[in-house]
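Heads up: the structure comes next, in structure tokens.
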Amino acid sequence: MADPGATWLARVAAVVGPAHVLTAPADVEPYVTDWRGRFRGSARAVARPGSVEEVAAVVRACAESRVPIVPQGGNTSLCGAATPSDAGDALVVSLARLNRVRQVDIDNATLTIEAGATLSQAQAAAAEHRMLFPLSLASEGSCTIGGNLSTNAGGTAVLRYGNARELVLGIEVVLADGRIWNGLRGLRKDNTGYDLKQLFVGAEGTLGIITAAVLKLFPAPRVTVTALAALADVDAAVRLLTDLKGTLADRLVAFELMSDVSIGLSRKHHPELPDPLPGHRWYALIQVDDPADNDRLRSEVEAALGRSLESGAVVDATLAESESQRHALWALRENISEAQRREGPNIKHDISVPISAIPAFVRDTGDALRAALPGVRFVVFGHLGDGNLHYNLSAPEGTTAEAFMGNAGRANRIVHDRVHAAGGSISAEHGIGQLKRDELRRYKAPVELELMARIKQALDPDGLLNPGKVL
């Protein structure tokens, strides 16, 4: 036990070891700058605990000295949720060392894993046992399970498996006062009061620090079919989605919509990628899986696409003939965000509306933006299967990205007002962080904001956990 008279940072160092407390500016820098380069803060130090007990002891030391805490996983947030403010008074608590697989229970189809493990590590742990953890994101090699749960991550397989919230059965959490709640129960049915874990999932580290989780596993697919379809418009995409859901049911895992501009950016910055169906306005990337050894699946997908070709919903289509072709088609989609980052600053919107409302939303919002921002480029892509679009805007040709970013507030009003009118959400899967706090207040009902504030006050009365985020 550290000397009670020692400073809080000395107490933290005594808990995690001096080598795991970073204070030199060069060492701290990666932890105070977000992945997009949009947010940069400062911190007193970075602590890297190696166990839940160490996390709890660090939180107790901070709570007793009223030191704010910013939990951080892979630092891949797109809304600045893991970046400290520029006040410089916070301790960044990196969970990267909590990266162990605690248990794989095949009979219960669950994986118990620590929060600092990467998503790809969780996927690999499941695959070792011929199981599937279906959460899939472009950043899966660097994003962590704690971050995935804290932001209720979505990704490409939500159509079949749901968001992170639907994939977690139990969690372990360090509370704001340093107590540990062990809720690591692998139960599908537990009707003993409030479902407390769901308070922390999607809370972006503002109510507690998730340190481990029990995740659902599924049978690994034995057959996978991947197709790319060219479409005349978004109405056709919705018709195709409806047809495929009716034909393929829950074997339809992913249905990703991509504009020609988004694919063009992906190929511009990754010229090795294929261009199998050039010259069309819209594309759908489709994945169909079957856990049974179904040798008819490919012919079923071909037949379904053939019917859509005949009806006019699909203009052209191609199916991957090999695993390498499948990965190449997916790379077109997964490299869009990285290509945007390389292209320069852009105005991003992570929105969701009812699937039936998407065609009208895209038309009406596009018309309004063209009138307000002539020449704007629409980098629209996302998970049409669950109503989530990344409705992003790049500068017109000949306009610098920096100058274009001055239109962000104007563009946000146009996009978010129409999302709200359609009964949608201004944040489908990226969270609120510090980027969308004002937008949250604009569109959330006062009673919702009041309830959220009361929960925050109850669980973190001193406001030390990830201050300035969400609320």
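Throughout, read-outs are computed from the coordinates displayed, never taken from laboratory work. All figures in this text were calculated on a predicted structure; none of them were measured in a lab. Methodologically, a virtual Cβ is constructed for each residue, glycine included, from the backbone with ideal geometry; neighbour enumeration extends over all protein chains shown.
Things to note:
- Rounded to 0.05, the FRET efficiency of the Asn191 and Thr400 pair, given R0 = 56 Å and the Cβ-Cβ distance, is 0.45.
- Sparse-neighbourhood loop sites, trypsin sites (Lys or Arg not before Pro) in segment 1-93 - DSSP loop, at most 12 other Cβ within 10 angstrom: Arg66
- Sparsely packed loop sites in segment 51-148 (the GluC sites (Glu not before Pro) outside DSSP H, G, I, E and B with at most 15 other Cβ atoms within 10 Å) comprise Glu128.
- Residues of segment 159-197 with amide N under 18 Å of the 7 Å Cα→Cβ point at Ala14: 178
- Computed from phi, the 3J(HN,Hα) profile of segment 94-108 under the Karplus parametrisation 6.51, -1.76, 1.60 (θ = phi - 60°) reads 7, 9, 4, 7, 8, 10, 9, 7, 7, 6, 10, 10, 5, 5, 8 Hz, with x in place of Gly and Pro.
- GluC sites (Glu not before Pro) restricted to segment 283-360 and DSSP loop, no more than 11 other C-beta within 10 Å: Glu321
- Using θ = phi - 60° and Karplus 6.51 cos²θ - 1.76 cosθ + 1.60, couplings along segment 51-58 (whole Hz; Gly, Pro as x): 7, 5, 5, 5, 4, 4, 5, 5
- Ranked for footprinting exposure by Cβ neighbours inside 10 Å, fewest first, Val238, Val59 give Val238, Val59.
- Convex hull volume of the Cα atoms of segment 86-131, normalised per residue: 82 Å³.
- Proximity of backbone amide H atoms, modeled 1.01 Å from N, is registered between Thr211 and Glu172, Val173, Val174 at under 5 Å, excluding neighbours fewer than 5 places apart on the same chain.
- Taking amide H as placed 1.01 Å from N in the peptide plane, the amide H of Ala157 sits under 5 Å from that of Ser136, each at least 5 places away or on another chain.
- In Hz, Karplus ³J(HN,Hα) per residue of segment 80-90 (6.51, -1.76, 1.60; θ = phi - 60°; x = Gly, Pro): x, 6, 9, 9, x, 6, 8, 5, x, 9, 9
- Separation of alpha-carbon centers, segment 69-119 and segment 222-268, rounded to whole Å: 32 Å
- Unit charges on C-beta of K, R, D, E only; dipole of segment 138-191, Debye: 220 debye
- Sorted fewest first by neighbouring Cβ atoms within 10 angstrom, Ser150, Ser65, Ser85 come out as Ser65, Ser85, Ser150.
- Distance-filtered residues of segment 331-352 - backbone nitrogen under 12 Å, label point 7 angstrom along Lys268 Cα→Cβ: 339-346
- Over the chain, DSSP H runs of length four or greater, each weighted -39,500 (n - 2.57), average out per residue to a 222 nm ellipticity of -10000 deg cm²/dmol.
- Cβ-based exposure ranking for Met452, Met131, in which fewest neighbours within 10 Å come first: Met452, Met131
- Were the residues from His327 through Asp177 laid out at 0.36 nm apart, the gain over their Cα-Cα distance would be 49.4 nm.
- 13 Å reach of a label modelled at Ala372, 7 Å along Cα-to-Cβ, counting backbone N of segment 395-418: 406-418
- Alpha-carbon spread of segment 101-219, three principal axes, descending order, Å: 39, 30, 26
- Here the translational diffusion coefficient of the chain follows from Stokes-Einstein with Rh set to the Kirkwood radius across Cα pairs; for 37 °C and 0.692 mPa s it amounts to 140 µm²/s.
- The alpha-carbon of Lys197 sits under 20 angstrom from the alpha-carbons of these lysines, leaving out residues fewer than 8 places away in its chain: Lys189, Lys216, Lys456, Lys469.
- Overall dimensions of segment 8-94 as given by Cα atoms, namely Rg and Dmax in Å: 12.1, 34
- The value obtained for segment 166-229, namely the Cα convex hull volume divided by the number of residues, is 142 Å³ per residue.
- Each peptide in 244-255, 283-294 gets a packing score, the mean of other Cβ atoms within 10 Å over its residues, and the list from highest to lowest is 283-294, 244-255.
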